[in-house]
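The values are calculated or read from the model by the stated rules, or taken from the named source; none is laboratory data. Not measured: the values here are computed from a predicted model. Ideal geometry is used to build each Cβ from the backbone, glycine not excepted, and the neighbour counts take in all protein chains shown.
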Amino acid sequence: MSQMAAPPFPPGEPHGPRQVSKFEFNLLRITRFLTGHFPADQGLSLVNAALPQPPCASANAVELVKDTLAKALVLFLVRAGGWRNDKFLRHNMPTPGRVWHRIPLEERILKFSPPVMEFLIWLTAEKVLDTKKAWDATPQTLTPADELFFALAFDALRHDTHVLTVLRKKAAFRHNPFCWLLAAGDLAGRENATVSPPDFTPLFQGERAVFLECLQRYLEQRWIAHEQAKGQITDWSKMRCVGQAEYAALRYYIEAADTAKRHDLARFILRTNAAILSLNPTSDFWTGGLQGSGPPRLADRLETQRAALAVPRQMELLREWQARARSVAFFDDDYAASQLWKSEWEAVQGDRLAERAQAIIARLEPLRGSVPDAKPTLASNTAETESSGTGPSTDRPK
């Protein structure tokens with residue numbers, strides 16, 4: 001009887017913790033902070049400090065960063081929704097299962113590029129508010145995993161308003177579609193009001209689409225929290241900036257999803273509306289916190305209030321999807337996909353939600369009448385009608 005050779009074992013881990021320098025130790029702690037595994041107050045204090053940068057990172061530090069990123073992002077995606085036994089479209093057919101059951105392994109491999117390590121080194125070596133060495137990354141050079149990491153980094157750092165002001169001017173964040181889905185209102189500040197959302201089309205292809213499948217419940221929770229927070233906004237200008245950015249991001253996202261025939265990846269928008277509109281709110285739910293009489297022009301006040309309703313205003317397009325889904329015949333190629341959307345719509349009583357959204361918008365603008373939404377823009381502080389006029393202009397404010 002022949003003997004089988006013992007299978008080769010992977011090399012063992014070094015005994016004890018790997019040795020790294022003080023700079024590399026801080027870099028690793030910042031990496032864990034950006035991925036949600038280190039206290040935020042301590043992480044921000046490290047970001048706002050500076051350390052002399054060594055000529056190069058050691059092999060131990062590089063391996064630890066790789067290990068941290070790989071495990072942290074996979075854990076984030078699984079916790080965000082990848083573990084759920086859910087149903088999404090694959091090859092235009094509804095496919096049930098958890099993400100590792102639906103998607104082959106080769107489509108779930110995370111690959112990181114040099115800009116991630118360069119960013120971590122810059123964040124550790126420099127004071128973000130007083131940097132001596134500029135850093136940025138061209139969006140075209142980033143992998144899907146890079147984009148997801150930078151979105152998580154932006155989300156962790158945006159709570160420091162001074163750091164936020166610096167980061168949202170950088171292309172790695174400003175043109176990152178995942179950043180816009182997580183925190184659109186923070187990307188279009190008053191000093192950055194002319195910024196438009198990036199092209200969302202790449203999100204519905206390959207690895208990015210897998211990320212979106214995992215993130216549907218997470219995005220739903222995030223947008224519900226954003227909507228609830230609007231009632232605490234007191235400044236009219238801030239409300240307008242936040243609302244216009246959110247409306248533009250959602251509208252461009254919905255249009256890209258429609259073009260890609262991935263209505264299932266707009267599920268979080270429908271469910272966010274279901275969670276909010278099921279409470280039968282009035283417009284005060286969004287605008288009740290605004291202080292004072294607002295801008296002197298009536299058109300500016302109306303546009304600010306309309307901007308606050310960025311999420312309910314998306315129900316108009318989603319209802320159009322439902323109407324099209326109902327018209328798909330049994331033998332059409334898109335029949336199975338249309339049935340999936342119809343089931344989503346009916347599960348939340350979409351027709352009722354759309355009527356409530358329309359009623360809220362109509363009560364907010366009784367003089368405007370039924371006018372379809374214009375193409376979203378963010379750069380607008382002008383208005384057509386002053387409060388001393390006879391009424392609002394019939395032209396849609398940009």
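Given the structure, is Leu152 outside the structural domain of Leu77 (by TED's automatic domain parsing) and under 11 Å from the mean Cα position of the chain (by Cα)? Show your work before the answer.
On the way: outside the structural domain of Leu77 (by TED's automatic domain parsing): no; under 11 Å from the mean Cα position of the chain (by Cα): yes.
The answer is no for Leu152.
Can you tell me which residue among Phe33, Phe38 is touching a Gly at 6+ places or on another chain (Cβ under 6 Å), modelled with pLDDT of 80 or more, among the hydrophobic types (A, V, I, L, M, F, W, C) and in the same structural domain as Leu152 (by TED's automatic domain parsing)?
Checking each option against the conditions leaves just Phe33.
Being among the small types (Gly, Ala, Ser), within 12 Å of the chain's Cα centre (by Cα) and assigned to a helix (DSSP H, G or I): is that true of Ala225 here?
No, not satisfied.
Failed condition for Gln205, given (1) assigned by TED's automatic domain parsing to the domain that holds Ile30; (2) over 17 Å from Phe76 (Cα atoms), with all others met?
(1)
When you look at Leu129, is it part of a helix (DSSP H, G or I), buried (at least 20 other Cβ atoms within 10 Å of the Cβ) and not charged (D, E, K, R), yes or no?
No.
Report yes if some residue within region 278-287 is closer than 20 Å to Cys179 by Cα and hydrophobic (A, V, I, L, M, F, W, C); otherwise report no. Walk me through how you get there before you give the answer.
Our first condition is that a residue be closer than 20 Å to Cys179 by Cα; within region 278-287, this holds for none.
Among the residues of region 278-287, not one is closer than 20 Å to Cys179 by Cα and hydrophobic (A, V, I, L, M, F, W, C), which makes the answer no.
Could you identify the single residue in Arg102, Arg98, Arg90 that is over 30 Å from Ala61 (Cα atoms), touching a strand residue (DSSP E or B) at 6+ places or on another chain (Cβ under 6 Å) and outside the structural domain of Lys342 (by TED's automatic domain parsing)?
Numbers: Arg98 fails: touching a strand residue (DSSP E or B) at 6+ places or on another chain (Cβ under 6 Å); Arg90 fails: touching a strand residue (DSSP E or B) at 6+ places or on another chain (Cβ under 6 Å).
Answer to the check: Arg102.
Could you give me the residue pairs with C-beta distances under 8 Å whose first residue belongs to region 294-313 and is closer than 16 Å to His226 by Cβ, whose second residue is of a type in the set (Phe, Trp, Tyr) and buried (at least 23 other Cβ atoms within 10 Å of the Cβ) wherever it lies, and which are 6+ apart or on separate chains?
Ala307/Tyr247; Ala308/Trp286; Leu309/Trp286; Ala310/Tyr247; Val311/Trp223; Arg313/Tyr247
Yes/no matrix, rows are residues, columns are (1) in a helix (DSSP H, G or I); (2) buried (at least 23 other Cβ atoms within 10 Å of the Cβ); (3) touching a residue at least 60 places away in the same chain (Cβ under 8 Å):
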residue: Phe178; (1), (2), (3): yes, yes, no
residue: Gly185; (1), (2), (3): yes, no, yes
residue: Ala209; (1), (2), (3): yes, no, no
residue: Cys214; (1), (2), (3): yes, yes, yes
residue: Gln221; (1), (2), (3): yes, no, no
residue: Ala245; (1), (2), (3): yes, yes, yes
